[in-house]
Amino acid sequence: MTSPDLFTLHLLIDNQDVAVKNYLEVRDPGRFAEVVGLVAQADASHVDQAVLAAHKAFGSWRRTSLAERSALLLKAADLIEAQAGSVLELMARESGMLVGTNKAEIGMAANIIRDNVELAADFLKPRQVEDDASWVSVEKRPIGVIAGIVSWNAPVILTMRKLAPALICGNTIVIKPSPTGAMGISTLLKHMAALFPPGVINVVHGGAEVGHALSTHALVRKISFTGGGEVAQAIMKDAARAIKDVQFELGGNDPAIILEDARIEDLMPKLVGGIFRRSGQFCFAVKRVYVPESIYDTFFEAMCREVDQFKVGHPLDPRATLGPMNNRHQWQFIKDLHERTRAAGADVIELGQQLDPASWDQGYYLRPAVVKRADPDLEVVTTEQFGPLIPVVAYRSEADVIRMANQTELGLGSSVWSADFDRALALARELEAGMTFINQSGTSRLGQKNIPFGGVKQSGIGRESSEVGLAEYVQYHGINYHKR
Ligand code: NAD
């Protein structure tokens, strides 16, 4: 069922809007009474149509020149920047993320596309060697139809990290956004897809069943997934049935290690931003903070002062610096985690200002909270919380903090904060993580382009961004000519 008055998103197959029987009503997570729009829910037959369209398009897309693919992708990067204004509010209302955050996200996504185009020029060159007896060419070929399955927390960035390298290498793609983060990204994808031949970019919507139909489709050659570990296990089982390749970007439990020479006042805004941006709902958010015993009290007081500056409200309220949680599941999990942490005897301090307390129960609102002198074995320290709640743990020695930081099955990001570069670097090299940021909690522009984004242990398989991310979307073809 659709409504002429409501924003309605259909499926996108072969560059056509495909209407379906069922539409999901998406409500504003900060104003439950408001319906933001309707999103078409695919079934297995739509997934089949989308994959067949992508498979058909692959036949000719794979033969296009790198120059042609590059030109189209660069146009697409410009286009999403130009279209950003039309989706910023929509993204805020469907996801709870602040308008400024969404704007930065689209800018970064455009850069991801441009980086991939630039890196591909070198990366896709065949390597040829020769001796008296033979000639060898090692060539990089596209894989085929890629399934891109993404989470809701930063859908434009997460999608472009898959789409850009897939397309520049000559693959076609079927994207499945998350039910609670589909409208903004799919609107942009529709504009983008129109630049490309039909079938190169396709979009299906729905939940686990649609994701499963995509992962098990015989013509999908690789699954690139961003989300949680449990779903990754299900996808891996599905992929195993047809020996499909997978690439996984999963959760993290990123430690921030403060050294006693760190400049507390300088680092605090960056650290607190790295914890609470997107209400803590991003994979490489700082998820636990380790502070030397010698400076703990001073540090903790400074941290509380900084966290207390947050103003929690609806993302369209220009005063808001922290929005609601994206969905009921995540909100309830954090509320319950507050309770379990308190029940374990810990001091959970809620800070920040409620902008509109009367409507607080009309959204998934939570105040940012810090856990004082958190025991290292508490659940809030050992699991990924993915919300605005941060444990601050005291430590006595460097050996101690390295052991605690590495005592986890996750290993996405991490950060070290110190005035001494050599000491910070030495400590960074001891951490079991895919990425370590020194005196920040994320990558610089140079890092975004050059660092293979991803994690070790159960934080993922494979990487995104850089030439390592491009390598996820090719298969090798060796040709050997025997001269005699
Ligand atoms: P999720 O795993 O619940 O869902 C992710 C996607 O998988 C959604 O599109 C969902 O509909 C789909 N899905 C669900 N069941 C499926 C199935 N059986 N088969 C195929 N697809 C299925 O994760 P989420 O709640 O959307 O995201 C939160 C998690 O994602 C957190 O753990 C976070 O750390 C992680 N994450 C990681 C990164 C990264 O780059 N490493 C980035 C963002 C989020």
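So the values come out like this:
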| read-out | value |
| --- | --- |
| Residue among 95, 86 that is touching a Ser or Thr at 6+ places or on another chain (Cβ under 8 Å) and either free of Cβ contacts under 8 Å to residues at least 60 places away in the same chain or crowded, with 17+ Cβ neighbours inside 10 Å (or both) | 95 |
| Verdict on residue 295 being away from the ligand (no atom under 14 Å from the Cβ), in the same structural domain as residue 375 (by TED's automatic domain parsing), closer than 15 Å to residue 372 by Cβ and of a type in the set (Val, Ile, Thr) | yes |
| In segment 21-75, residue nearest to residue 168 (Cα to Cα) [restricted to those that are among the β-branched types (Val, Ile, Thr) and not in a helix (DSSP H, G or I)] | 64 |
| Filter pass, residue 277 being open to solvent by 30 Å² or more (accessible area, probe 1.4 Å), modelled with pLDDT of 95 or more, in the same structural domain as residue 430 (by TED's automatic domain parsing) and within 16 Å of the ligand (Cβ to nearest atom) | yes |
| Subset of segment 318-330 [within 12 Å of the ligand (Cβ to nearest atom) and outside any helix (DSSP H, G or I)] | 325, 326, 327 |
| Out of 199, 229, 207, 252, sole residue that is more than 30 Å from residue 301 (Cβ to Cβ), open to solvent by less than 10 Å² (accessible area, probe 1.4 Å) and small (Gly, Ala, Ser) | 199 |
| Flag if residue 290 is surrounded by fewer than 21 Cβ atoms within 10 Å (Cβ to Cβ) and more than 15 Å from the ligand (Cβ to nearest atom) | no |
| Filtered residues of segment 118-163 (kept if surrounded by 15 or more Cβ atoms within 10 Å (Cβ to Cβ), of a type outside the set (Lys, Arg) and more than 15 Å from the ligand (Cβ to nearest atom)) | 119, 120, 123, 124, 139, 142, 143, 144, 145 |
| Where a residue in segment 147-163 is among the charged types (D, E, K, R) and its partner, wherever it lies, is open to solvent by 10 Å² or more (accessible area, probe 1.4 Å), with Cβ under 6 Å and at least six apart | 161/112 |
| Residues (assigned to a loop (DSSP other than H, G, I, E, B) and open to solvent by less than 50 Å² (accessible area, probe 1.4 Å)) located in segment 336-370 | 346, 351, 352, 355, 363, 364, 365, 366, 368 |
| Unique match (being part of a helix (DSSP H, G or I), open to solvent by less than 70 Å² (accessible area, probe 1.4 Å) and within 30 Å of residue 423 (Cα to Cα)) among 299, 282, 333 | 299 |
| Matching option when the condition is touching a Lys or Arg at 6+ places or on another chain (Cβ under 8 Å) and modelled with pLDDT of 95 or more, among 135, 152 | 135 |
| Residue match in segment 94-107 (condition: of a type in the set (D, E, K, R), out of contact with any Asp or Glu (no Cβ under 8 Å at 6 or more places or on another chain) and either in a helix (DSSP H, G or I) or modelled with pLDDT under 95 (or both)) | yes |
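The values are calculated or read from the model by the stated rules, or taken from the named source; none is laboratory data. A quick note: this is a predicted structure, and the numbers were derived from the prediction, not measured. Counting neighbours? That spans all protein chains shown, and the Cβs are built from the backbone with ideal geometry, glycine included. Please note that ligands, DNA and RNA were not included when accessible areas were found on the heavy atoms of the full protein model with its side chains. Shrake-Rupley method; radii C 1.70, N 1.55, O 1.52, S 1.80 Å.
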